[in-house]
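Remarks on the structure that follows.
The values are calculated or read from the model by the stated rules, or taken from the named source; none is laboratory data. Because the structure is a prediction, the values reported are computed rather than measured. Glycine also receives a Cβ, built like all others from the backbone with ideal geometry; neighbour counts cover every protein chain displayed. Keep in mind that these areas ignore ligands, DNA and RNA; they rest on the heavy atoms of the full protein, side chains included. Shrake-Rupley method; radii C 1.70, N 1.55, O 1.52, S 1.80 Å.
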Amino acid sequence: ELAVASLEEAALAFELRGPNHFGGLHTGLSIEHIALTSRMVSKYTGMSIQPHKAIVGANAFAHESGIHQDGMLKNKTTYEIIEPEKVGIFRKDAAGLVLGKHSGRHALKTRLSQLGVDVSGDELIEVFNRFKAVAEMKSGGVEDEDLLAIISDELFQPEEIWKLMDLQVVSGTRGLPTATVQLLGPDKMPRVFCAVGTGPVDAAYRAVDLALQLPTDLLEYSMKGVTGGMDAMAVTKVVLKPQNVNSRYERTFSGSGADTDIVASSVRAYIAALNKIIGYMQNRVGEEAYLGGDVNVNTMDLNDSPELALK
């Protein structure tokens with residue numbers, strides 16, 4: 001009878017117990033990349049890592065109870081048979097840095113390197129600018145979870161065919177929730193659209209729809225705070241399904257976004273999913289009759305009329 005275990009659990013079992021308990025079995029895996037790989041899989045699949053998940057969960061190397069903390073201070077092996085650093089998890093840096101609005105690029109780059117993320121050049125500038133914007137709004141410093149959310153939102157996104165430049169919403173218990181969005185199109189020209197909806201997020205999504213004219217169904221929408229507190233960053237995940245598509249090529253597209261503003265986070269996730277759809281359609285139309293119609297990729301202009309790819 002076969003048993004099922006996750007890859008990281010099996011890898012660590014062989015790493016720690018292979019010589020003495022498994023007849024010398026071992027793997028060729030680089031276990032120091034386990035945590036980063038797990039986050040990447042979570043990002044691309046849209047499936048969150050459970051906090052209690054062994055090895056890679058947020059609570060795997062966390063200790064809250066007094067007796068556990070006392071044991072860890074005296075001898076870490078009391079509750080941990082392997083150091084979290086060996087699987088790519090760094091709880092706090094050795095220097096005790098607290099990243100905030102007064103931190104520089106060097107401190108940020110050092111902490112990101114400890115988290116397994118190497119950035120430099122223009123990417124570092126983009127991440128640092130976003131980091132400073134977040135740090136200005138957080139009073140308790142920027143946590144590791146905030147940094148990973150920033151990295152995910154800035155670097156691990158699909159090609160930015162459409163980009164959110166600005167957002168303004170008006171909402172309340174009375175009146176019509178209204179959203180105005182400024183988007184940078186494929187031609188690098190800014191466009192402004194306004195719409196009303198049942199709430200601020202719905203209004204913002206309708207404004208984006210006016211710009212892209214790409215009919216989709218919103219299948220899933222979820223949001224969570226990456227840390228505690230009133231100023232926590234919100235990470236939004238959405239799953240979209242294009243309408244009027246040849247059933248042979250039906251599929252869903254996920255998108256994620258992060259921001260201290262929940263509406264902005266929602267819009268970033270929505271646009272990320274739409275960018276995936278447009279990119280996928282551009283590739284498919286060039287390969288075969290994806291649409292079941294007479295659309296020629298050489299004459300189709302997705303920049304001006306992305307909706308053509310769904311007709």
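Return the residue satisfying two criteria in turn: it lies in segment 18-43 and is at pLDDT 85 or above and of a type in the set (D, E, K, R), and of such residues it is farthest from LYS86 (Cα to Cα).
Checking each candidate, the answer is ARG39.
Taking the stated definitions as given, is GLY46 in contact with a strand residue (DSSP E or B) (Cβ under 8 Å, 6 or more places away or on another chain), closer than 30 Å to TYR270 by Cα and either at pLDDT 80 or above or open to solvent by 90 Å² or more (accessible area, probe 1.4 Å) (or both)?
Numbers: in contact with a strand residue (DSSP E or B) (Cβ under 8 Å, 6 or more places away or on another chain): yes; closer than 30 Å to TYR270 by Cα: yes; either at pLDDT 80 or above or open to solvent by 90 Å² or more (accessible area, probe 1.4 Å) (or both): yes.
It is true that GLY46 is in contact with a strand residue (DSSP E or B) (Cβ under 8 Å, 6 or more places away or on another chain), closer than 30 Å to TYR270 by Cα and either at pLDDT 80 or above or open to solvent by 90 Å² or more (accessible area, probe 1.4 Å) (or both).
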